[in-house]
Structures are given as structure tokens and as C-alpha cells.
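The values are calculated or read from the model by the stated rules, or taken from the named source; none is laboratory data. Small disclaimer: the values here were computed from a predicted structure and weren't measured. Don't worry about glycine lacking a Cβ; one is built from the backbone with ideal geometry, like all the others, and counts go over all protein chains shown. Just the protein is used for accessible areas: all its heavy atoms, side chains included, with ligands, DNA and RNA removed. Shrake-Rupley method; radii C 1.70, N 1.55, O 1.52, S 1.80 Å.
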Amino acid sequence: MSILNDISENLQKGKAKIVKELVQQAIDEGIDPQEILGGMLSGMDVVGEKFKNGDVYIPEVLVSARAMNQGAALLKPLLAEAGAVACGKVCIGTVQGDLHDIGKNIVKMMMEGKGLEVVDLGTDVSPETFVNAAIEQNCQVICCSALLTTTMGVMGDVVKAAEAAGVRGKVKIMIGGAPVNEEFCREIGADGYSPDAASAADMAVELCRALGQ
């Protein structure tokens, strides 16, 4: 359907106003909201791939994500009416002692672009807050971000807090941020590390699917 291609292409260019108009037009034409969402998600997939490959940078991703959010806002009530279910639910935050949030916000947008429901816990989040949020909100994945070497150790405390709460088998823990790597992920017993936002979104979807089976 050409209107869905138009939505995808304009979203890739970050043209929020046009995306919003096209989404409204598609709704008025009676196109299934899930199909319209699919058009937007395919656009974000392209942006995610380009970001991974270094063909576009953070500003372009943010502009596309903004366009995605504006279109999604029109669809949300219709999807809720239709009983559409997100492909998973995650909570995300920057760990205790760390106030950086740009990376976290980009990961959140990428995850929402993949159809995940994301609970944003903000910055300076304690291990207990991560775990309590996952339990109360029924999240399958906890995503921890850190930009400082002095705070990355808190990620290990999140893993321990999940174990202490008895939910380690039900909740996966992902970590990311500049000082973090695969080796550190294994060291603290987390379930996944991702070097960039697009890969993080893909991994979160896979972890949610694995838990849903």
C-alpha cells in the first residue's frame, strides 16, 4: 500500500508533520491501525540499521523517533480499542549515581520503535527500584545504562537484587553504556550487552520473545 510506504519514507527523513498527516489520512481511509504501525516500524527499522552502520547519527535518529512518536500518538487509542498487545515490556533507567540520559533516551525510542512498551525510570535509579518496577509493571527485561566507570558496578547490584527478590528466572537484565562491554556483562551475570541503541532494541525483542515461549 503506497500510503504505508510514504509513511515509512517520511519517517526515515524525520518529517514529523507529514507523518502525522499521512497517519491520519490512513486512519480516515479505514486502514487497519496495526498495518499503519507496521509502516512506521519498518521506517524505524531502516533508521536503526543505518545508525548501526554509521550512515546516520544521533540527531537524525532523534528526529525520526520524534516523527514516530507523533504518528504513534494518533494510533494508540485505536490500538488499545483493538486490544493490540505490545511485543514485550521493559523498564529502563540510568543506574544509581549516574545522571546521564541521552543514551538511555535513544535506546528507549528505538525500543518503542520496535513495538515494545517501555517504562522509563529516569536517572540515578537504585537496584531495588529497577527490580520493584519490573515486578510491579510485569516487565520481562530490565535495561541498565551507565556512562561512568564509577557507576557501572551498580549493574552487578541490580543482578543481585533481582536474585534476592527471587525474580531472576522471570526477568532478563540488559546492560549498556560507554564503559561497559561483553566481558563485564558475563562477569556480573547479566543476560545481554549491546554496543548501540539499535542492537539493544533487537536484543530486548528477542529476550521478550524467549520469555514468552
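If you check Gly14 against the conditions, is it free of Cβ contacts under 8 Å to residues at least 60 places away in the same chain, on the phi > 0 side of the Ramachandran plot and open to solvent by less than 70 Å² (accessible area, probe 1.4 Å)? Criteria met by Gly14.
Residues are listed down the side, and each one gets a yes or a no for (1) touching a Cys at 6+ places or on another chain (Cβ under 7 Å); (2) of a type outside the set (Phe, Trp, Tyr); (3) open to solvent by less than 40 Å² (accessible area, probe 1.4 Å); (4) in a loop (DSSP other than H, G, I, E, B):
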| residue | (1), (2), (3), (4) |
| --- | --- |
| Val158 | yes, yes, yes, no |
| Lys170 | no, yes, no, yes |
| Ile175 | yes, yes, yes, no |
| Ala178 | no, yes, no, yes |
| Ala190 | no, yes, yes, yes |
| Glu206 | no, yes, no, no |
| Arg209 | no, yes, no, no |
